[in-house]
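Below: one structure, written as structure tokens.
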Amino acid sequence: MMRVLLLQDRVTSNNWGGVQTMTHTLQLALQEQGFAVTALAWQETKFGELLHAARQSDVLVASHNFGPTYCGVALKTLTRKPLMSWVHGPLLDVLQMSEASWWKRRWLKHVYGYVDRFVCVSHTTEGSLLGFLSSARTVVIPNGLPNGLGPLTDNAESFASDVCNISSTNLSLGYIGRLSEEKRPHLLIEALRCLPTDTQLSLVGDGVLRAALEDAGKDLMANGRLKFLGHQVSGRSLYTPYQVTLLTSKFEGCPMTALESLACGVPCVALPIPAMRELFAQDALYLLALDETPQALALAVLNLVQMPQGQVQQDMVRIVAKHSLANFATSWQSTLLDLLHAIKRGS
């Protein structure tokens, strides 16, 4: 039985679709594959306990390429155990947005040099990492949808019966996510102004931009077209009240909100950033706006309304099937075993 130490960030309230959710999903998936998994929050655990757990493990898995990986490098240095780092977002975009200094970038390259294998959630994420660290050893494992999320997707007819009917009148749109700069939620309000006056938009989530967004959309709020719902309980009920969800992020890795929406039978219309092109272009190009403007987003919504619902349903089934929990678990199992075998051959 392989013993895995899974290093994660602080354990807080469940943010459905975030890194925490995927970390928990990975833990359960590996345990079902027969791995012995110890999951510890590196900031909330005494270092002595972390060190003991590392010594008792066969491999260290950092759930994120920042804090957990820094801790993993320290533990690897002391225990010589192999280290795997999970990369969720496009690193170059993250560093650019944070205005990381030359020294920070140089330090990161030094730290990442200790990582034996990087697991990237998409080819978009992998390309960004390799643009920063060309010698990195990488593997791409797309995110998997947890069991129990949404209807079964092995039968298009049973899936279709659970899909909201899309109508051009009284269209109900939803956004699920943080109200922060990288999500560009102001584009949602601008897109709403380009849609018919009976269209409604609900923003589920919170963040530093909420006050500014409420001010920008106060007229839309006054006539009932725009609602701020704050944090909501995780589950299908986040998505099923809406006919379409929207995604306006500046960058993503493998966005779980988009996958979760589709798994719940609700189409997601997004701006054509690289990660969304990777996710939708092959199976449902019409879910992508033509460009990254709110006008193009609104037009994509109106075009979706005119699509045959049967085709939309089948396309969503096909996308969701590529992100099954079984594929996710098998890929991680294979990657962990390959890493251990490579380490043994190297020794």
Worksheet entry | Reference-scaled alpha-carbon Rg (2.2 N^0.38 Å with N residues) for the range 26-150 | 1.10
Response to the item:
Residues Lys227, Lys104, Lys183 in order from fewest to most other beta-carbon atoms within 10 Å are Lys104, Lys227, Lys183
Worksheet item: Going down the list Lys109/Lys183; Lys183/Lys322; Lys250/Lys322; Lys81/Lys250; Lys46/Lys227; Lys104/Lys322, which pairs span over 32 Å between their C-alpha atoms?
Response: Lys81/Lys250; Lys46/Lys227; Lys104/Lys322
Worksheet item: In whole Å, what is the distance between the alpha-carbon centres of the range 250-311 and the range 181-197?
Response: 15
Item to complete: Rank these for me by crowding, Cys194, Cys254, going from fewest to most other beta carbons within 10 Å.
Response: Cys194, Cys254
Response to the item:
Subtracting the Cα-Cα distance of Ala100 and Ser172 from 0.36 nm times their residue separation yields 22.0 nm
Practice prompt. Could you state the angle between the C-alpha long axis of helix 19-32 and the longest principal axis of the C-alpha atoms of the chain, as a value from 0 to 90 degrees rounded to the nearest 10?
Written response: 60
Worksheet item: How do Glu260, Glu32 line up, fewest other C-beta atoms within 10 Å first?
Response: Glu32, Glu260
Worksheet item: Which three semi-axes in whole Å describe the equivalent ellipsoid of the chain, each the square root of 5 times a Cα gyration tensor eigenvalue, listed largest first?
Response: 37, 22, 18
Fill in: Calculated Rg and Dmax of the range 156-321 using C-alpha coordinates, Å
14.6, 44
Discussion item. Give me the three principal axis extents of the range 220-296 from the C-alpha atoms, as integers in angstrom, largest value leading.
Written reply: 36, 28, 20
Practice prompt. Would you look at the GNM of the chain, springs on alpha carbons closer than 10 Å, and say which of Glu252, Glu214, Glu126 moves the most?
Written response: Glu214
Fill in: Highest-MSF residue in the chain out of Arg105, Arg277, Arg117 [GNM, Cα springs under 10 Å]
Arg105
Worksheet item: Highest GNM mean-square fluctuation, the chain, Cα pairs closer than 10 Å: which of Pro294, Pro267, Pro196?
Response: Pro196
Item to complete: Any chance you could run the full-extension gain for Lys218 through Gln33? It's 0.36 nm times the residue separation minus the Cα-Cα distance, nm to one decimal.
Response: 61.5 nm
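Each reported figure results from applying straightforward, stated rules to the coordinates on display, with no laboratory input. As the structure is a prediction and not an experimental result, all values here were calculated from the model. No Cβ is skipped: glycine too gets one built from the backbone with ideal geometry, and neighbour counts run over all protein chains shown.
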